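Enquirer: Structure incoming, see below.
The values are calculated or read from the model by the stated rules, or taken from the named source; none is laboratory data. The shown structure was predicted, so the numbers you read here are calculated from the model rather than taken from an experiment. All Cβ positions, glycine included, derive from the backbone under ideal geometry; neighbour counts span all protein chains shown. Heavy atoms of the whole protein, side chains included, go into the accessibility calculation; ligands, DNA and RNA do not. Shrake-Rupley method; radii C 1.70, N 1.55, O 1.52, S 1.80 Å.
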Amino acid sequence: MTPTPPTPSAARRSALLVQLGGLYGIWLREVKRAIRDRGQLVGGISRPILWVLILGIGLNPYFRGEVYGEVTFVVPFTYLQFIFPAVVALNIMYTSVQSAVSVIWDREFGFLREVLVSPMSRSTILLGKVLGGATVAVVHGCLVLLLARFADVSLTLSEVIQALGLMAMLAFALTSLGVVIANRTSSFAGFGVFSNAVILPLYFTSSSIFPLDPALTGAQTRVVYPEWLVTIVEYNPLTYAVDALRGVLIDYTQFDPRIGIAVMAVAGIVLFAIALFDFHRA
């Protein structure tokens, strides 16, 4: 007896299940890889301790000005509070970009070649890797949130949920950036040098460790600060991501918070599209 061929809807449903199963498998593999990497975990814990508890406290006395004999803070927050959202972003940055090293690892040891000949589409494979790296990065961002009490930052459940949404968007965009870098490098050493050359300038020119004085106009800001520095800060996408996190975590922003959400969404789409284009050429 001739078997009845599957209907078009059943075939589509079966193909979708294959893609979803593959997506879950790739995501789970990336998460398990991160869990087993003790060095990444140590970095995720030691980095916020260094920045929040040592750098934040150490520079706190210098984050103030004196007006008519009264000591006031440059912004209505201590330096520890001001830098706290930026440290969340920093932990996400390092974890997101470094997680993309798995692309080089899989390419070097042949796993990527085996996966690419599977029934899964390349977009599914890439999405699984990016979502896996982004998931780990969000967890590392949450490690910083655990230090909120020490930074004198009080968080409500609603604020934590909003922060998690922003952290997920930032992690997705930065993991996609990491994959773009990994696709353009051929060795682990080259990836490390190239990724640090991207991470550090992005972070230090994002108004993460110093504020642009909100009391000044645009023209005044360019007089107080070097014009080239102000221009870089204003054109740095991470500036608006960090600012949006500050708006949620300490209720302080230098820009419209909606700009940060829009910038992260556009960056995530564009960077993923570039990574996918590179993946199709692999």
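Enquirer: Hey, with R₀ at 30 Å, roughly what FRET efficiency would ASN196 and LEU20 work out to, going by the Cβ-Cβ distance, to 0.05?
Expert: The computed FRET efficiency comes out at 0.25.
Enquirer: Highest first, please rank the peptides 154-163, 127-136, 269-278 by the mean number of other Cβ atoms sitting within 10 Å of their residues.
Expert: By packing density, highest mean first, the sequence is 127-136, 269-278, 154-163.
Enquirer: Follow-up. Excluding ALA163 itself, calculate the net charge of residues whose Cβ lies under 14 Å from the Cβ of ALA163, where each Lys or Arg counts +1 and each Asp or Glu counts -1.
Expert: Result for the local shell: -2.
Enquirer: Packing-wise, with mean Cβ within 10 Å as the measure, how do 23-34, 76-87 rank, highest first?
Expert: Highest to lowest by the protection proxy: 76-87, 23-34.
Enquirer: Go through ARG107, ARG12 and list them by solvent-accessible area, largest first, probe radius 1.4 Å.
Expert: Descending order: ARG12, ARG107.
Enquirer: Need the C-alpha centroid separation for the range 237-261 versus the range 108-184, integer Å.
Expert: 19
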